[in-house]
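Let me begin by presenting the structure, written as structure tokens, before commenting on it.
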Amino acid sequence: NAGVTQTPKFQVLKTGQSMTLQCAQDMNHEYMSWYRQDPGMGLRLIHYSVGAGITDQGEVPNGYNVSRSTTEDFPLRLLSAAPSQTSVYFCASSRGQDSEKLFFGSGTQLSVL
Amino acid sequence: DAKTTQPTSMDCAEGRAANLPCNHSTISGNEYVYWYRQIHSQGPQYIIHGLKNNETNEMASLIITEDRKSSTLILPHATLRDTAVYYCIVTRRAAGNKLTFGGGTRVLVKP
């Protein structure tokens, strides 16, 4: 199993551009989520999904959209990138809504100029 | 979720046990203690979790005080690869996958 795969690993955007961060897992996990980590800080939850077709907001959802059309994929969309969205983004998954163990991807480092 | 307090950083000698403290004095009865670590630039990695009993797995041991107001993560024989930021998180089991990561403890294992 590859686990949780994130692409791209690095991305540079100009202010106002849009892009989609990809996240895929091959563990048949129901729960998936997106976090952002700013320099020297802990992780903050952006959006999460408890199953295909179901998404909800986390702590810092503004400026981000998500959808979950399949169990495997959970893309994160930035519609109009802003410098404040410069961060490292991590995708995570777990077996179920009350699962105790989160599996994280290796992250996407995003810079918005 | 209960607030946690961890030292900002600590050093540990290679081959010795590393004892990482965490204070969670406002923990409630249905909240679990989780530990994750983040090795430089990588995604966080689950280590262990517990409710009130001490727990051990292949990576570490978790000791929770009887009043549950503090806990200690023990890495029995620290290696250089254990150098990482260690996060102590307290949350309900049902929210165990909506974790809030604070600053953590930066652990440096020295040869």
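The values are calculated or read from the model by the stated rules, or taken from the named source; none is laboratory data. Everything numeric here is computed off the predicted structure, so don't read it as measured data. Glycine gets a Cβ as well: all are built from the backbone with ideal geometry, and neighbour counts include every protein chain shown.
Answer with yes or no whether A:Thr5 is modelled with pLDDT of 95 or more, within 14 Å of another protein chain (Cβ to nearest Cβ) and surrounded by fewer than 17 Cβ atoms within 10 Å (Cβ to Cβ). Yes: the conditions hold for A:Thr5. On the stretch given as the stretch B:8-61, residues that are among the hydrophobic types (A, V, I, L, M, F, W, C) and either assigned to a loop (DSSP other than H, G, I, E, B) or free of Cβ contacts under 8 Å to residues at least 12 places away in the same chain (or both) total 6. Taking the condition more than 13 Å from every other protein chain (Cβ to nearest Cβ), basic (Lys, Arg) and touching a strand residue (DSSP E or B) at 6+ places or on another chain (Cβ under 8 Å), does B:Lys52 pass? Against the criterion (more than 13 Å from every other protein chain (Cβ to nearest Cβ), basic (Lys, Arg) and touching a strand residue (DSSP E or B) at 6+ places or on another chain (Cβ under 8 Å)), B:Lys52 qualifies. Tell me yes or no: at least one residue of the stretch A:31-51 is more than 12 Å from chain B (Cβ to nearest Cβ) and either under 14 Å from the mean Cα position of the chain (by Cα) or under 29 Å from B:Gln6 (Cα atoms) (or both). No, there is no match, as no residue in the stretch A:31-51 is more than 12 Å from chain B (Cβ to nearest Cβ) and either under 14 Å from the mean Cα position of the chain (by Cα) or under 29 Å from B:Gln6 (Cα atoms) (or both).
Note on the stretch A:12-56: residues that are among the polar types (S, T, N, Q) and assigned to a strand (DSSP E or B) amount to 7.
Filter the stretch B:27-47 down to residues that are over 16 Å from A:Gln6 (Cβ atoms) and of a type in the set (Ser, Thr, Tyr) and give me whichever is nearest to the other protein chains (Cβ to nearest Cβ). Taking the candidates together, the pick is B:Tyr46.
Checking each residue in the stretch A:18-46 for being surrounded by 19 or more Cβ atoms within 10 Å (Cβ to Cβ) and of a type in the set (A, V, I, L, M, F, W, C) picks out A:Leu21, A:Cys23, A:Ala24, A:Met32, A:Trp34, A:Leu43, A:Leu45, A:Ile46.
Within the stretch B:70-81, identify whether any single residue is farther than 16 Å from B:Thr105 by Cα and in a strand (DSSP E or B), and answer yes or no. Within the stretch B:70-81 (the criterion being farther than 16 Å from B:Thr105 by Cα and in a strand (DSSP E or B)), the answer is no, since none of the residues qualifies. Checking each residue in the stretch A:1-11 for being of a type in the set (A, V, I, L, M, F, W, C) and over 13 Å from A:Ser87 (Cβ atoms) picks out A:Ala2, A:Val4. Residue pairs whose Cβ atoms lie under 6 Å apart, sitting 6 or more positions apart in sequence or on different chains, and linking a residue in the stretch B:63-78 that is without any contact (Cβ under 8 Å) to a residue 40 or more places away in the chain and of a type in the set (Asp, Glu) to a partner that is loosely packed, with under 13 Cβ neighbours inside 10 Å and assigned to a loop (DSSP other than H, G, I, E, B), do not occur here. Residue check: is A:Leu102 facing another protein chain (nearest Cβ under 9 Å) and touching a residue at least 60 places away in the same chain (Cβ under 8 Å)? Answer is yes for this residue.
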